1. Working only within region 67-96, note down all residues that are assigned to a helix (DSSP H, G or I), closer than 20 Å to Leu183 by Cβ, more than 16 Å from the chain's Cα centre (by Cα) and of a type in the set (A, V, I, L, M).
2. Looking only at residues that are free of Cβ contacts under 8 Å to residues at least 60 places away in the same chain and in a loop (DSSP other than H, G, I, E, B) in region 152-188, which one is surrounded by the most Cβ atoms within 10 Å (Cβ to Cβ)?
3. Within region 112-125, track down each residue that is at pLDDT 90 or above and either under 18 Å from Leu152 (Cβ atoms) or in a helix (DSSP H, G or I) (or both).
4. Pairs needed: first member in region 26-45, touching a residue at least 40 places away in the same chain (Cβ under 8 Å) and charged (D, E, K, R); second member anywhere, assigned to a loop (DSSP other than H, G, I, E, B) and surrounded by fewer than 17 Cβ atoms within 10 Å (Cβ to Cβ); C-beta distance under 8 Å; at least 6 residues apart or different chains.
5. I'm trying to understand the selection: among the residues of region 5-25, which are of a type in the set (Gly, Ala, Ser) and in contact (Cβ under 8 Å) with a residue 60 or more places away in the chain?
6. In region 130-151, how many are modelled with pLDDT of 90 or more and either loosely packed, with under 13 Cβ neighbours inside 10 Å or over 20 Å from Pro45 (Cβ atoms) (or both)?
7. Give Leu4, Leu69, Leu19 a once-over and let me know the one that is of a type outside the set (Asp, Glu), surrounded by fewer than 18 Cβ atoms within 10 Å (Cβ to Cβ) and either closer than 22 Å to Arg127 by Cα or at pLDDT below 90 (or both).
8. Given (1) outside any helix (DSSP H, G or I); (2) under 26 Å from Thr47 (Cβ atoms), where does Ala109 come up short, assuming only one miss?
Amino acid sequence: MNSLTKHRYDTISMSLHWLAAIAVVAAFALGPGDFGRLADSGVDPGTRLDIVAHESIGLFVFLLTAVRLVWVAVRPAPPSATGPDWSNVAAVAVRIVLWILLLATPVTALLTLAGDGRPLTLLAGLRLDAIPLVGRWALTQWTDWGEVHTFLGDAILWIAGLHAAAALVHHFIWRDNVLKSMLPRRRA
């Protein structure tokens, strides 16, 4: 392994990271804030492209996160940590919180849909009118999972923003390799 490679994440890690970032922002932007009101008024979610895209991307985020977690377990060693010990501990904590949020947010969407008896509508006309297994769980009635889903979705954006701000601090103030380690190489 040459010295340049030791200071960068592998291509698969970088690709999965940036794909997840784009998917999360897209899901957030397409998130139907008035979904409950629309559904209560009789609007079929399958007729709303924003809802179909939001639910499809949300499922994609969940599956992508699962793939990323498997990849983290088997990938080449990541670049060495730089900076003060407290920043390394904070970086690990932020990553763990983001992993949890990226898994929990789509799960709360399924709990919301199942609890309200609403379909999961996906791109290509795929639709699950009853979400198998989940719809029968008493857990679906424990709380307003739609509110929890909204809170977790907002939290992902705030914490991801903190994560991005920290990368910029590393790059512009501490002048280390943290940001560059997750960016594709520039071609000469």
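1. The answer is Ala91, and nothing else.
2. Leu179
3. Hits for region 112-125 are Leu120, Leu123, Ala124, Gly125.
4. none
5. Let us first name the residues in region 5-25 that are of a type in the set (Gly, Ala, Ser), namely 13, 15, 20-21, 23.
Selection gives Ser13, Ala20, Ala21.
6. The total comes to 2.
7. Values: Leu69 fails: either closer than 22 Å to Arg127 by Cα or at pLDDT below 90 (or both); Leu19 fails: either closer than 22 Å to Arg127 by Cα or at pLDDT below 90 (or both).
Of Leu4, Leu69, Leu19, the one residue that is of a type outside the set (Asp, Glu), surrounded by fewer than 18 Cβ atoms within 10 Å (Cβ to Cβ) and either closer than 22 Å to Arg127 by Cα or at pLDDT below 90 (or both) is Leu4.
8. (1)
The values are calculated or read from the model by the stated rules, or taken from the named source; none is laboratory data. Everything numeric here is computed off the predicted structure, so don't read it as measured data. Ideal geometry is used to build each Cβ from the backbone, glycine not excepted, and the neighbour counts take in all protein chains shown.
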